[in-house]
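Okay, here's the structure, questions in a sec.
Just so you know, all these numbers are worked out from the coordinates, no wet-lab data involved. What you see is a predicted model, and the numbers here were worked out from it, not measured in a lab. Using ideal geometry, Cβ is built from the backbone for each residue, glycine included, and neighbour counts are taken over all protein chains shown.
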Amino acid sequence: MSEHAAPIRVDAARTLPLAARTLWVRVIATALITVPLAAQKTATTGVRPIASVKQLHDAMITPASDAVFQAAGETPANAKGWDAARNQALVLAESGNLLMLGSRARDNAGWMKMSRALVDAAAMAAAAAEKKDGKALAAAGDAITSTCESCHQPYRDRGRSMRGNAK
């Protein structure tokens, strides 16, 4: 070799045998596919519904709606009463969200639409209570009643009217 000859360069990738290069490509490809899928699975498995629809009604929906109806009928006299009405409306709104989770959702059509209507009507009640607006709270109470009736008739009462059941 002469003093002026250029050094011989060896590409690092060519020094690995073909099998080793293929293995590394497979490892990298697998990681690029599995890591996002694992992250997706973790995100979708975080919610674990425990209570049944009836238990949600007994524990959250009925007490919260009763409190909102009471506040709509007898306008709160002070800030504490308005806060309580707002908080119960928020519980009712979030209950509507819970009705749409997991096995509680009876179908992807009417059930979801009516559950979302409950969220919207209860959010309207929460906003009215936040503004201390008795008329808006009464209107929201009417919207909640209508939403409840439209859902109970096909799902809970199997076609019977709620008004016909009241005595």
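Out of all the residues in the stretch 109-131, which are over 18 Å from Val91 (Cα atoms) and of a type in the set (Lys, Arg)?
Lys113
For the stretch 102-153, which residues satisfy the criterion of being more than 22 Å from the chain's Cα centre (by Cα) and part of a loop (DSSP other than H, G, I, E, B)?
Listed by number, the residues that qualify are Lys132, Asp133.
Sticking with this structure for a sec: For the subset of the stretch 86-102 comprising residues that are touching a helix residue (DSSP H, G or I) at 6+ places or on another chain (Cβ under 9 Å) and in contact (Cβ under 8 Å) with a residue 40 or more places away in the chain, which member is surrounded by the fewest Cβ atoms within 10 Å (Cβ to Cβ)?
Applying the first criterion (touching a helix residue (DSSP H, G or I) at 6+ places or on another chain (Cβ under 9 Å)) to the stretch 86-102 yields 86-100.
With in contact (Cβ under 8 Å) with a residue 40 or more places away in the chain added as a condition, the list becomes 86, 89, 92, 98-99.
Working: Arg86: 22, Ala89: 30, Leu92: 27, Leu98: 18, Leu99: 23.
Within the stretch 86-102, the match that is surrounded by the fewest Cβ atoms within 10 Å (Cβ to Cβ) is Leu98.
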